[in-house]
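Have a look at the structure below, then the notes.
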Amino acid sequence: MHLPKGIGSGRLFLPSVSDTRALLPPIPSAAPLRSSFFFCYNPCSCIQVIIRHEVGVPGLKRALILLLFLLPAILMCLSCGSSNTTGTQTTTPKYRALVTNRVSAGSLSAGVYTVDAENDLRANVSPISAGNTPGMMVVTPNQAETVVFSGNGTLSSDNQLTIINNGTGSVAGHVNLPGMTESFVVSPDSSTVYVAVPTAPVVGQSALGIVEVIALNNAAVLGQVDIPSVHYLSIDNSGNRILGFSDNSDSVAVITPSNIEIPNAVAVTYVSGFDRPVQAFFSSDDSTAYVVNCGAECGGNTASVQQFSLIDNTLSSYVPACVPIPATNPVQCSSLAAGSFALLNGSTMYLAGSPPYVGGAPQQPCTGQTTAANSCGLLTIVDLSTMSVVNTAPIVITDGYHDRMALGPNGQLFIGAHTCTEIVPPVPPPTGAEVRGCLSIYNTLNTAVGSVPAGGVIIPPENGDVTGIQPITQRGDIGTMAQEVVYVIQGENVQGGSLYIYDDTIDALEYNPHDSSAPGRVYNFIGDFVDVKTVDF
């Protein structure tokens with residue numbers, strides 16, 4: 001059997017802790033668009049916020065009001081000017097990380113900013129304009145271009161796709177999409193981008209949803225294929241097949257890109273028998289897809305990994321995303337099954353998810369963690385060569401809808417979610433107060449890393465959704481800077497997205513020689529950040 005290659009593709013409430021669910025409409029969805037629609041990641045399990053203060057405390061009100069008044073001035077002061085202050089890179093860096101910022105305040109403009117990823121400094125390079133609220137990015141396989149989406153899900157959303165030339169650091173073109181997107185993939189030859197637009201109108205049809213095809217060399221729309229409610233895309237290694245996944249569907253749309261806009265050619269074939277599929281990975285010869293079924297978390301039955309033949313469009317073996325009962329065939333679960341997002345490393349798949357609430361109550365406790373949170377998620381490790389689960393006990397992580405994951409250079413798995421259980425401390429926070437957000441770090445090594453034992457999990461004390469994760473590799477000898485780090489964008493729906501730098505040799509924020517009081521931060525770099533991508537490594 002050919003093993004797969006490692007290629008795959010919120011708002012914060014301050015409610016009464018007794019019932020946060022009542023604040024959100026019970027609209028079911030496989031994995032809802034975070035910006036274009038406003039509802040929780042499944043109909044019963046919504047964001048839970050535990051606030052360690054009484055609402056209405058005068059001191060808190062004064063602090064919040066002061067923050068709101070001072071923030072624009074702070075942003076102006078920290079962002080204006082181009083003088084060579086300490087902690088700012090004055091020349092174009094050798095290794096760049098691009099960071100999207102969607103806020104404009106004072107002289108700070110929304111755009112794509114550059115960070116010197118070797119020295120963790122803000123580069124003295126003008127931001128690149130990429131729409132009103134630039135967010136999600138995808139770098140082309142040849143690293144020549146970066147595709148950026150701008151949109152906020154409101155009536156004023158520009159829904160703009162911008163193509164940046166990484167060599168010149170300038171805009172090569174842009175396209176206005178017919179709606180929001182949370183998923184776009186680039187062909188292996190870096191010539192074409194395919195964009196899932198689930199709310200795009202279709203002429204002559206009541207159903208909404210298309211995959212739009214755009215040429216990267218001139219930003220021209222080459223065509224489209226109509227797929228109702230298509231939300232996520234995964235492309236194979238050759239670019240000959242794209243799998244489309246729609247909300248509240250148990251079918252997969254198998255797209256043949258070469259047939260799009262060809263008269264009488266079949267561009268899409270629907271295959272049923274899945275369980276709320278959301279993602280896929282492919283064998284090296286593209287004969288087999290390994291499809292992630294979201295299951296109950298997305299309104300279906302059981303989360304699993306399903307083998308799918310792309311030769312004859314048939315389903316074969318599958319494995320539930322749970323800890324199995326030994327010697328059961330078919331496999332029976334000794335733990336809850338969950339899985340909405342996966343990462344592939346060789347033949348090992350890491351699958352994260354959150355069991356849904358039942359009767360308004362969480363199913364998965366935070367066993368083994370000292371926390372005020374009463375709902376957690378699960379990480380399941382699957383060996384695709386044997387289609388079996390590796391871990392023999394549940395691996396507990398944060399809850400929420402997981403949709404970001406990356407493996408750091410030191411074998412630390414960074415797992416991000418949104419709409420998770422937030423533990424927000426009082427203002428000011430007392431010593432030892434719990435802070436909990438949507439980031440989990442799992443130690444894949446057989447040895448301890450920092451305070452995290454082999455196979456252990458740490459929840460860093462930072463609030464907010466995780467919207468971007470980028471490992472930084474090939475750093476040179478740079479003295480006091482950590483050699484193995486991971487950039488994380490976290491804070492959306494709480495304080496706004498911030499860039500954090502984790503030293504994954506200790507699973508903690510790295511030492512900051514430019515400002516020892518602000519570990520893991522880039523000096524003079526403030527905004528509402530969304531995504532981060534490297535373009536030179």
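The values are calculated or read from the model by the stated rules, or taken from the named source; none is laboratory data. Fair warning: this is a prediction, and the values are worked out from it, not measured in the lab. Methodologically, a virtual Cβ is constructed for each residue, glycine included, from the backbone with ideal geometry; neighbour enumeration extends over all protein chains shown.
Residues are listed down the side, and each one gets a yes or a no for (1) part of a strand (DSSP E or B); (2) of a type in the set (Asp, Glu); (3) surrounded by fewer than 17 Cβ atoms within 10 Å (Cβ to Cβ); (4) in contact with a Cys (Cβ under 6 Å, 6 or more places away or on another chain):
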residue	(1), (2), (3), (4)
189	no, yes, yes, no
195	yes, no, no, no
200	no, no, no, no
207	no, no, yes, no
213	yes, no, no, no
217	no, no, yes, no
222	yes, no, yes, no
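Of all residues in the range 270-280, those satisfying the criterion of being within 19 Å of residue 297 (Cβ to Cβ) and part of a strand (DSSP E or B) are 277, 278, 279, 280. Go through the residues of the range 112-127 one by one and say whether even a single one is surrounded by fewer than 21 Cβ atoms within 10 Å (Cβ to Cβ) and not in a loop (DSSP other than H, G, I, E, B). No - not one qualifying residue is present in the range 112-127. Among strands (runs of 3 or more DSSP E) entirely within the range 374-465, having at least 2 residues that are surrounded by 23 or more Cβ atoms within 10 Å (Cβ to Cβ) singles out 376-383, 395-398, 401-407, 412-418, 439-443.
Could you go through the range 217-240 and let me know if any residue there is of a type in the set (Val, Ile, Thr) and under 20 Å from the mean Cα position of the chain (by Cα).
yes
Among residues of the range 212-224 that are under 20 Å from residue 202 (Cβ atoms), those with a Cβ under 9 angstrom from a residue that is of a type in the set (D, E, K, R) and outside any loop (DSSP other than H, G, I, E, B), sequence gap 6+ or separate chain, pair up as 221/212; 222/212; 223/212; 224/212.
Could you say whether any residue in the range 306-326 is part of a helix (DSSP H, G or I) and either farther than 22 Å from residue 344 by Cα or modelled with pLDDT of 95 or more (or both)? Checked against the condition, which is being part of a helix (DSSP H, G or I) and either farther than 22 Å from residue 344 by Cα or modelled with pLDDT of 95 or more (or both), the range 306-326 yields no hits at all. Cβ-Cβ contacts under 9 Å between residues 6 or more apart (or on different chains), taken from a first residue in the range 112-131 that is of a type in the set (A, V, I, L, M) to a second residue that is assigned to a loop (DSSP other than H, G, I, E, B) and crowded, with 24+ Cβ neighbours inside 10 Å, are listed as 112/130; 115/522; 121/522. When you check residue 243 against the structure, is it at pLDDT 95 or above, buried (at least 21 other Cβ atoms within 10 Å of the Cβ) and farther than 26 Å from residue 133 by Cβ, yes or no? When the stated conditions are applied, residue 243 passes them. Reported count of residues in the range 338-361, each being in contact with a strand residue (DSSP E or B) (Cβ under 8 Å, 6 or more places away or on another chain), assigned to a loop (DSSP other than H, G, I, E, B) and of a type outside the set (A, V, I, L, M, F, W, C), is 6. Residue 335 falls short of the stated requirement of being within 16 Å of residue 388 (Cβ to Cβ) and outside any loop (DSSP other than H, G, I, E, B). Could you grab me the full set of residues in the range 128-146 that are of a type in the set (A, V, I, L, M) and buried (at least 23 other Cβ atoms within 10 Å of the Cβ)? Within the range 128-146, 130, 137 meet the criteria. Taking (1) at pLDDT 95 or above; (2) outside any strand (DSSP E or B); (3) within 30 Å of residue 275 (Cα to Cα) in turn, residue 234 satisfies each apart from (2).
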